[in-house]
Every structure is written in structure tokens, then in C-alpha cells.
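The values are calculated or read from the model by the stated rules, or taken from the named source; none is laboratory data. This structure is a prediction, so every number in the text was calculated from the model and none was measured. Here the Cβ positions follow ideal geometry from the backbone for every residue, glycine too, while neighbour counts run over all protein chains shown.
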């Protein structure tokens, strides 16, 4: 019992989450209402899913800047297919496969091409944003009014019992990611590659393969987020997803994952994404102007990360 | 009459209780070249690092021009005119030659602006002195290693160094560049500079040095004028110790040939051929730059190489460590921290890293239970001292980290185990335990290749010894004919030259 309590005390991201939530609840009573909590969870789900993929990329000591564009492109593809009456399952699978393939391509640029992850994904994020504009002609693509589009919009807006469907999807993503990282060989290789790539390679592990897998996962997660976002809004915007990589990276870092790779957990990322979700929600509830929202968010992120850094260096 | 410039007297140095220098005295004479020789680990570098202020001495005194000095950092030694040129040159590759020479000492105008023209003119002056025909504005990365060496010397001259220490300066030079360097050294001598010349290449020492100081195991063996010495005498001074430690080599029945390497060549090694029998321990000796590690890594699939490798008479192709491990050839690296272990992971995760597929649980997940059982088994078998399987590797001692690294390889169940410097940086007790393990593997029928710079260790453990010199095999020695002298003779490439 005491032990568990100590564990919580050591978990700085969790403390930041609880403290922020408590402070907000004190300032605004609506914050803790059931409907608002569900709103926070639903709003968090998109970033949380991207951040899960980003956790993989950062754990191997890399980064994936392309997620925002992958989200936008895969969302636009799904919207186009659904609006033309294509089967929902097929549309969703296509978007997921496309996202995974783009991620795999990122991985190949980094491994076979020998590019820095930052540079490779900086290239793809720009390239793909252009591709979205070409594909959409710069106009939003509505998911339309076909029978498929109704099913499709359920993914983003529907409920299963009292809980929104995106929240289930987010939780499922967390669980699968947790199992991959903690209970499979590839998960172990991801941590090993991030900690000491050379030693991992010397141990007989194809680290290039590990990296391609990781970027493919990150692409797939971005595509999934794109599907959820498009389904929720009923249309794919040509600019959708732009800048999302920053919130995802923030969630991962807030969750205690080291940018140098090798250290970090999915649980941490979940908490990190929730911190950002709670902040966004609270600043809206309190009617803070959107200009100040970013300032406030940035300050909280810096404080949280500084606290974490202090704790780590004092060991 | 020789005039002493630097005199280091009765220097002692401990590293956390381990004596690495014992009562060493060392002189540098004006206008002359002093060679500093000894085996790897004899204490040459430590002694020079003490002189230049990188390390603090534990005991002893240093006199510069009869004045007692004690440098706390390299800046202090430089300002008194002592410069060191490291084996791996300390130049900023993306800056120009001139900028490198005056790095941190750029001539500035009253407005604190760097006077680029003056800087490059001054740099040109020093380059001319050394006969280096390069534009001082050329980037250092665009000139050869030999010329970079001269830039380092120009830098030393520009700070008005009286003493220039050169650590293995010819390691990366072509014969022509070496000649050039020797000309420069003799010019420096004539102008009254003193040089300390550290090298394994004995013929170079006879070419340019005036005196020789020999260190062995952190002790001074002697200082002699070069005219009183010959190569054999120096070698004898370098290695002439008794086998002080006990090497528990055991005789085992050797089986048939298991591994045969034929004409292996790549950018590191040339025409390497050798074979290994079942149950045999092949020691691989050589000095720094003999490319022993590179050979082992080429066999293990890290570096591509031409040539053939046969396992049990069958030709095999190894393109990666994974291929190698699948053929039953495991490699324990010489550089634990860089590529042997993962310090941020725990003992269990390190030991099982190469063989995770052995621990399948339900749904293809890794069975941590099986992993745990197996890790504990290896921890006990190899007496790894750890608080448990969850202990992070960074908290283990060097010897225990080494055992974890070996355990990781063993778990892949190899037929051939390559151990690269298995006892480097481990204490005496752990050394003995590692030797015992090697013998145990041997008696279980495993074949072992052991690369080591510790010659007594090679003599004590090996059934047969392969000596390398600059990427080639310079000879094989049977157990009966191998002595420290015969190994060292082959290692310095005496007959090859």
C-alpha cells in the first residue's frame, strides 16, 4: 500500500495531471461533470492515438514529423471513398494501409537511405501536405450522404453505451501498444535499439527492420487518427492535421519518454495526452482567448518537463 | 652534455585503488627525441596525460626547466610550452587550417573583430616552416591525414611549444608522409625543440629517436641511449616479465577442423587464412593497429569482406551478426559499453537479447517466466554478482558486465565463441573466473578464438597463437614455440619489414 503510494508520488506526469485537474475543477465546477469528462476523453483520443505511434518513434531515438500530413491524406482518401459509396470497412482499411505504407517509406528513407529521422519526415510532411492539396484541389471533401457515410460518421460521433466510440478505440490502441512494447520480441528490440543501437545490432538483431516497423506503426496510428477526425467532422479539410505532430510530441515528452530513446512507457504517453486534453478543455471552459491558450499550454508543458528533468537528474 | 627540459620524478598514479604507475621517472632532453615504448596498458598514455595535466598524479614531482610544476589542465601545460598531438587528431574538420591553428587564440582588432587576413598570414608562416604547401584557408577535412598531422604540429609550434608529445603519429600515414614527418622532426630537433615519440613501430624509433624509455606494467624498466640498443633488446625490455598470474589452461582433446577462413580481405585486413579445430583455443595477438578486432568483426558479419569461410567443411555466407549467430558463431565484443551491453536495460533483458525467440509464451508473447528461469540459471552458472535479474547493467562492475555480455552470447548456444579482449578492464579476481569459464567451454567441446593484448594471457590460455601485424597474419606459433619474445617479434612485424 505504502509502496504503491510512493510509486504514484514518483510518477511526476500523473501528479501533474491530477494537480492540473484539481486546480481546474476548483476554478470551474463544470469541469468534473460527466459530460465534460467524456468530451475531454473524446477530444484527447485523436492526439493520444498519434502520440502512441510517436512514442514508438521516439523510443528508438527517432521522431516522426510526418504524422499530421499522413492524418490529412488518409482522412481525405477515406472521405472520398465513403462519399462515393464504397464500403466503410474497405475505406477504413485502405486509409490504414496507406498510412502504414507511408510510415514504412519513412522507415526506409531513414534506414536504407541513411537520412536523419527529423530530415526524412520533414521531407515527407511537406511532400504529403502538397499531395493533399493536389488531391483535394484545396477544398474540403465531405463524406457525403451515402449509406456508407452514415456508418462512417458513427466511428467519430457514435456511442457504445455511455462512452463515445473514439474513446474505446483509444483505449484499445493503448492496450495493444502496451502489449507490443512489454510482451513481444519486437517491443524488446525497440527499447534495445533506442538504448544502444550498436549493441543491439551486435546481438544479432536487424535494427533496420525494427525501425521500419516502428515508422509503419506511427503511420498507421496517424491514419487511424485521420479516420476518426474525418468521421467526426463529416469532412476532410485540406489543412487537417497540420501541426498535430507537435501536440503528439508534447504528449510523449510529458509522459516521461526520453527524446534520446530507450526510456518511456505507453502509460506515460496516455497521461501526457490527457494533460494536454485537460488543458485544452479547461482553457475553453474558462473562455480564455485562443491566443493565450497556446501561451498557457506552452508554459505548462515546460514546467512539467522541467519537473521531470529535475527528478531524473537528482537521482 | 644533455640538458634536461622536463624531468618527471617518482610518479605514482592510482585509479580507484589500482596502481597504474609505480615510481616512474622520465626525462626529456633539449633538442632531442625521446621514445616512450611499452605494451598496450604499460602506462605510456597515463604518464603523458599526467605531464599535460589531463590526470593528476597521486605522488611524485614534475620539473620543467628545473622549476617544479603541477598542471591542473591542458591549458596550463600548453601555456608552459608542452603540447601533445593525440593519435586521433584533435582538429575541427569543418574549419580552415588557419582557424584550427589559432582556435581560441584568434588575433582580434580593438573592436574585437577577428583579423582574418592576419590569422591566415600567420598560419601560412607556420605552414611554410613545416614545408606544407596548403592554403591556410583550406578546410581541414579536405587535406590528407598526414597533412592534418602537420597542422597539429604547426599549432604546437605557434604556441611556442618547447616539448611536443606525439602519440603514434604515423599510424595513419603513408610511407611518403612518414618520411616528411621525420624530416620535420629532425628540423625541430635542430631548432632546439624536444620531442616525445610514442610508437609501437620499433624501426621508426631507430630511425629518429635519440633515447628510449621503456615502461612495463606501470613500472620504469629503463632509459637507454638508442645507440646502446637493438630491436631484440627493446622487445626483451618491453615483455621481459615472468608469468606472474596463474593461467589455468587445461588440455582437451581436439577434434576435427570446424572453421576455416581463406583469403579474407577487406578495407581492414588482407589475405587472412587460418583454421580452428573443435575444442581448440586460438589466441590472437598483435599490437594496436593490427586490425585483430576488425578481422573478428568481419568474420561476425559486421564488415563485408571478400574471401571464404567454411564451417564444418561447408562454405557459409555471413552478412550480418544474425547470420553468424545462426551458424553458431558468437562474438563477445572488446568494447562492452559501445556495443556489448545495454546499460539502460536490466540483467535479464541483456542476457536474453540475442535469443529471445527461445522464450515463446502463449500468443507469441515473450514468456518472462521462462526468461527469468533461464537468466537465473546463467547468473548462477557464471557467478554474476547482481542483486537480481532486474538490476540495471550500469550498476554492475566491469567484470560482471563482461560476464553478462558472455552469457548473452552463450545463450545462443554457439559452436565457436570469439572473445575480443575478454579481460580488459576487469579486476584480477574476475579475470581468473573468466579464464575458468573459457576452460569450461573448451571442455564442453566449444572452439574459442581469443583476441587479447595481454601477452601473458594469450600464452597462458591458448593452444595455438596467431599473430597479426597491420591487417595481415604475420605468423602462427604452436604452444611450445610461443614466448613473449617470439610473439612480440611477429607483432612488431620485424621480419615482415
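Of everything listed in (1) modelled with pLDDT of 90 or more; (2) under 26 Å from the mean Cα position of the chain (by Cα); (3) under 22 Å from residue B:161 (Cα atoms); (4) buried (at least 21 other Cβ atoms within 10 Å of the Cβ), the single unmet condition for residue B:5 is (2). Exactly one residue out of B:133, B:49 is in contact with a helix residue (DSSP H, G or I) (Cβ under 8 Å, 6 or more places away or on another chain) and free of Cβ contacts under 8 Å to residues at least 12 places away in the same chain: that is B:133. Looking at the structure I just gave you, is residue A:259 surrounded by fewer than 23 Cβ atoms within 10 Å (Cβ to Cβ) and either in contact with a strand residue (DSSP E or B) (Cβ under 7 Å, 6 or more places away or on another chain) or not in a helix (DSSP H, G or I) (or both)? Criteria met by residue A:259. Per this entry, residue B:192 is counted among residues that are surrounded by fewer than 18 Cβ atoms within 10 Å (Cβ to Cβ) and either out of contact with any strand residue (DSSP E or B) (no Cβ under 8 Å at 6 or more places or on another chain) or modelled with pLDDT under 90 (or both).
The lone criterion from (1) within 18 Å of residue A:99 (Cα to Cα); (2) surrounded by fewer than 23 Cβ atoms within 10 Å (Cβ to Cβ); (3) away from chain B (no Cβ under 12 Å) left unmet by residue A:162 is number (1). Looking for something part of a strand (DSSP E or B) and either within 14 Å of chain A (Cβ to nearest Cβ) or closer than 21 Å to residue B:442 by Cβ (or both) - is there at least one such residue anywhere in the stretch B:295-305? No, because not a single residue in the stretch B:295-305 is part of a strand (DSSP E or B) and either within 14 Å of chain A (Cβ to nearest Cβ) or closer than 21 Å to residue B:442 by Cβ (or both). State yes or no: is residue B:402 in contact with a helix residue (DSSP H, G or I) (Cβ under 7 Å, 6 or more places away or on another chain) and in contact (Cβ under 8 Å) with a residue 60 or more places away in the chain? Criteria met by residue B:402. Does the stretch B:146-154 contain any residue that is in the same structural domain as residue B:91 (by TED's automatic domain parsing), at pLDDT below 85 and not in a helix (DSSP H, G or I)? So far as the stretch B:146-154 goes, no, none of its residues is in the same structural domain as residue B:91 (by TED's automatic domain parsing), at pLDDT below 85 and not in a helix (DSSP H, G or I). For the stretch B:50-68, the criterion of being within 21 Å of the chain's Cα centre (by Cα), in a loop (DSSP other than H, G, I, E, B) and within 27 Å of residue B:235 (Cβ to Cβ) is met by none of the residues.
The residues of the stretch B:282-300 that are at pLDDT below 95 and crowded, with 23+ Cβ neighbours inside 10 Å, listed by number, are B:285, B:286, B:290, B:292. Every listed requirement among (1) modelled with pLDDT of 90 or more; (2) away from chain A (no Cβ under 14 Å); (3) within 30 Å of residue B:202 (Cα to Cα) is met by residue B:441 save one, (3).
Got a sec? Which of B:123, B:176 is surrounded by 21 or more Cβ atoms within 10 Å (Cβ to Cβ) and part of a helix (DSSP H, G or I)? Write out each step before concluding.
Values: B:176 fails: surrounded by 21 or more Cβ atoms within 10 Å (Cβ to Cβ).
Going through B:123, B:176 in turn, the sole match is B:123.
May I ask you to verify whether residue A:148 is more than 14 Å from chain B (Cβ to nearest Cβ) and more than 26 Å from residue A:273 (Cβ to Cβ)? Yes; evaluated as a whole, the condition is true for this residue. Helices (runs of 4 or more DSSP H) fully within the stretch B:313-431 that include at least 2 residues being at pLDDT below 95 and more than 11 Å from chain A (Cβ to nearest Cβ): B:368-381, B:398-410.
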